[in-house]
Amino acid sequence: MIIDGKKAAAELREELKKKVIQLKSTYNEIPGLTVILVGEDPASKIYVKNKAKFAKEVGMNSEVIRYPADLEEGKLLEKINELNRNNKISGILVQLPLPKHIDKRKVIQTIDPSKDVDGFHPMNVGNLSSGYDSSIPCTPLGCSLLLKKVEKNLSGKHAVIIGRSNLNGKPMTQLLLKENCTVTITHSKTKDLKAECLKADIIIAAVGIPKLVKGDWVKKRAIVIDVGINKTESGIVGDVDFDEVSKVAKAITPVPGGVGPMTIACLLSNTVECFKKAHSK
């Protein structure tokens, strides 16, 4: 089974569209997402364009603020504080990566945690790991929803995560623990990665190495979620050798068209949730 991320994302956006209509009817307001782009990174420009496009599609307010790459850090922090105070803005996202002279950590910590739709603020990270209510990073949330498309009850499953990043590996661990999975985190320094993967009912590959996971790394009927996006001479590929693994796995996400579309849909979902929390206070 190929897990269709485009279809799942379209279904989630359709649900969000209905929620936005309902929120407008209840509060006479709609959620608002502001994305800040600093510089001219080509991939970032595409991501930002898609985020704005789909935000409008579901009926929410969407604004993109663009700055040149030489923007002073202080000016960016000032703008974030201004957005924090603006009640019409439900979610703030600063597109990463940032130019080297801007401190990413300082930027993330300046965003109001209640408007942090990326789920990167230390308060949201802490809340997630403690099992409290929080904004959940969009890619792990998307992976979790795709897993549920295949297997509604994940309790007792052995999940192996390849990659320990703050963006994917670590929050994914918390989400799978919440589902009562047994979780093994592996990474580039893990000895005998193949042996670890062969134990897994679920593999989440998020390490940034093209076609790392081979067909003989995966046991039959395992579910494989490929988070990797790698540019190669033959085009965009994931961290999983799709041709090999798709013959063995119970279900697998393709690259592109798997996790990517769900990441943006989950960003919109987080924006709606931030709006609801702000209005329930």
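The values are calculated or read from the model by the stated rules, or taken from the named source; none is laboratory data. Keep in mind that what you see is a predicted model, and the values were worked out from it rather than measured. Ideal geometry is used to build each Cβ from the backbone, glycine not excepted, and the neighbour counts take in all protein chains shown.
Pairs linking a residue in the range 132-161 that is under 15 Å from residue 116 (Cα atoms) to a residue that is among the acidic types (Asp, Glu), with Cβ atoms under 8 Å and 6 or more positions apart or on different chains, are 135/116; 135/118; 135/273; 137/118; 138/118. Out of the residues in the range 145-160 that are over 30 Å from residue 104 (Cα atoms) and part of a helix (DSSP H, G or I), state the one that is nearest to the chain's Cα centre (by Cα). In this case the residue turns out to be 147.
Is it fair to say residue 36 is in contact with a Ser or Thr (Cβ under 7 Å, 6 or more places away or on another chain), at pLDDT 95 or above and in a strand (DSSP E or B)? Criteria not met by residue 36. Scan the range 71-91 and report the pairs whose first residue is farther than 19 Å from residue 268 by Cβ and whose second residue is assigned to a helix (DSSP H, G or I) and polar (S, T, N, Q), with Cβ atoms within less than 8 Å and a gap of 6+ or a chain change. Every condition considered, the pairs that remain are 77/110; 80/110; 81/110; 84/110. Taken residue by residue, the range 62-79 has no member that is buried (at least 17 other Cβ atoms within 10 Å of the Cβ), touching a Pro at 6+ places or on another chain (Cβ under 6 Å) and at pLDDT 95 or above.
Conditions tested, residue by residue: (1) assigned by TED's automatic domain parsing to the domain that holds residue 199; (2) hydrophobic (A, V, I, L, M, F, W, C); (3) under 28 Å from residue 22 (Cβ atoms); (4) at pLDDT 95 or above.
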| site | (1), (2), (3), (4) |
| --- | --- |
| 241 | yes, no, no, yes |
| 246 | yes, no, no, yes |
| 252 | yes, yes, no, yes |
| 255 | yes, yes, no, yes |
| 274 | no, yes, yes, yes |
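Residues of the range 87-96 that are over 15 Å from the mean Cα position of the chain (by Cα) and either among the acidic types (Asp, Glu) or surrounded by fewer than 19 Cβ atoms within 10 Å (Cβ to Cβ) (or both): 87, 88. Restricting attention to the range 241-277, the residues that are over 18 Å from residue 208 (Cα atoms) and of a type in the set (S, T, N, Q) add up to 4. Of all residues in the range 8-54, those satisfying the criterion of being polar (S, T, N, Q) and more than 21 Å from the chain's Cα centre (by Cα) are 22, 25, 26, 28. For residue 192, the conditions (1) among the acidic types (Asp, Glu); (2) on the phi > 0 side of the Ramachandran plot; (3) at pLDDT below 95 are fulfilled apart from (3). Within the range 114-144, the set of residues being surrounded by 20 or more Cβ atoms within 10 Å (Cβ to Cβ) and in a helix (DSSP H, G or I) comprises 115, 124, 125, 128, 138, 139, 140, 141, 142, 143, 144. The numbered conditions (1) farther than 26 Å from residue 203 by Cα; (2) surrounded by fewer than 16 Cβ atoms within 10 Å (Cβ to Cβ); (3) acidic (Asp, Glu) are all true for residue 151 except (1). Taken together, 99, 113 contain a single residue that is farther than 26 Å from residue 49 by Cβ and modelled with pLDDT of 95 or more, which is 113.
Filtered by the rule that a residue be among the small types (Gly, Ala, Ser), closer than 26 Å to residue 51 by Cβ and surrounded by fewer than 18 Cβ atoms within 10 Å (Cβ to Cβ), the range 154-166 gives a lone residue, 165.
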